[in-house]
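Written out below as structure tokens is the structure these notes cover.
The values are calculated or read from the model by the stated rules, or taken from the named source; none is laboratory data. Remember, it's a predicted structure, so these values are computed and weren't measured experimentally. Cβ sites come from the backbone with ideal geometry, for glycine too, and all protein chains shown count toward neighbours. Just so you know, the surface numbers come from the protein's heavy atoms only, side chains and all, with ligands and any DNA or RNA stripped out. Shrake-Rupley method; radii C 1.70, N 1.55, O 1.52, S 1.80 Å.
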Amino acid sequence: MNYLAHAFLSFGDRDILTGNMIADHVKGRLALENFPPGIKKGIELHRKIDRETDTHPATQRAKLLFREDYGLYSGPITDILYDHFLAGDPKFFSSATNLKEFSQSVYLQLEENEKYFPPKFAAYFPYMRQGDWLFNYRNLKGMERSLGGLARRAIHMPPVDKAYEIFITHYYTLNQCYYEFIDDVIGFVKNEMK
């Protein structure tokens with residue numbers, strides 16, 4: 001799952017949200033000691049969500065569509081696509097306005113904990129907020145930009161044109177994978193947060 005899903009799966013807890021959003025930039029167990037308990041819990045939760053996502057049968061099927069062309073990058077590509085389907089899921093975001101309100105709330109909550117941002121996250125957070133990345137997962141142009149951003153960060157990844165083409169060609173299959181997955185991961189996270 002990517003940024004929107006990790007924010008959504010924080011269920012409004014500011015410290016969990018912060019940890020969930022910065023986790024990719026916090027390496028190893030020792031680094032966790034630099035954070036307050038709630039943020040530490042969010043980082044650990046992020047890692048558990050990633051493991052649960054990667055091993056889920058629906059995700060495994062989705063990744064197969066990209067594996068031939070993108071190898072190990074099929075996982076991160078699928079994560080981004082799940083954010084698109086979440087952004088348009090009427091069960092969680094009944095309208096574009098509802099998603100916009102959620103995204104703005106996330107940025108405000110994150111700002112309150114910005115002193116805990118690792119340098120890399122701190123560097124791109126202003127761009128995330130200004131470009132409203134969380135909201136823009138909802139539209140196809142935003143997805144094209146998100147895949148392009150992944151390619152810029154993953155220097156060995158092949159050009160994303162083919163990934164976008166696969167996404168459009170297999171849109172309904174990928175959407176079905178998302179629907180088979182989302183309730184399971186929500187149940188998993190709620191159980192972990194008890």
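Worth a mention:
- Label-point separation, Glu112 to Glu68 (7 Å along Cα→Cβ), nm: 4.9 nm
- Pro76 sits among other residues whose Cβ lies under 12 Å from its own Cβ, and their net charge, with Lys and Arg +1 and Asp and Glu -1, is -3.
- Residue (of Leu32, Thr53, Phe92) at the positive-pole extreme of the chain, dipole from beta-carbon charges: Leu32
- Based on Cα contacts under 8 Å between residues 6+ apart, the chain shows a relative contact order of 28 percent.
- Residue order for Asp184, Asp50 - accessible surface, 1.4 angstrom probe, largest first: Asp184, Asp50
- Unsatisfied cross-links (Cα-Cα over 29 Å) in the set Lys40/Lys141; Lys27/Lys141; Lys115/Lys190; Lys27/Lys194; Lys41/Lys91; Lys141/Lys194: Lys40/Lys141; Lys27/Lys141; Lys141/Lys194
- At the residue level, His84 shows approximately 10 square angstrom of accessible surface with a 1.4 angstrom probe and all protein chains present.
- Net dipole in debye of the chain [+1 Lys, Arg Cβ; -1 Asp, Glu Cβ; about Cα centre; nearest 20]: 300 debye
- Computing FRET efficiency as 1/(1 + (r/R0)^6) for Arg51 and Ser95, where r is the C-beta to C-beta distance and R0 is 41 Å, gives about 0.80.
- Charge dipole magnitude, Cβ of K and R +1, D and E -1 - the range 45-119, Cα centre, debye nearest 20: 240 debye
- Relative to the dominant Cα principal axis of the chain, helix 96-111 is inclined by about 40°.
- For the chain, the residue among Leu108, Leu140, Gly187 whose Cα projects farthest onto the positive side of the dipole built from Cβ charges is Leu108.
- Gyration tensor (alpha-carbon) shape descriptor, the range 74-177, a/c threshold 1.5: oblate
- Overall form of the range 58-130: oblate. Here a/c, set by the Cα gyration tensor axes a ≥ b ≥ c, is 1.5 or more, and a/b is not larger than b/c.
- A straight line joining the Cα centroids of the range 20-80 and the range 93-110 runs 22 Å.
- Shown for the range 143-193: the carbon plus sulfur share of the solvent-accessible area, taken with all protein chains present and a 1.4 angstrom probe, equals 52%.
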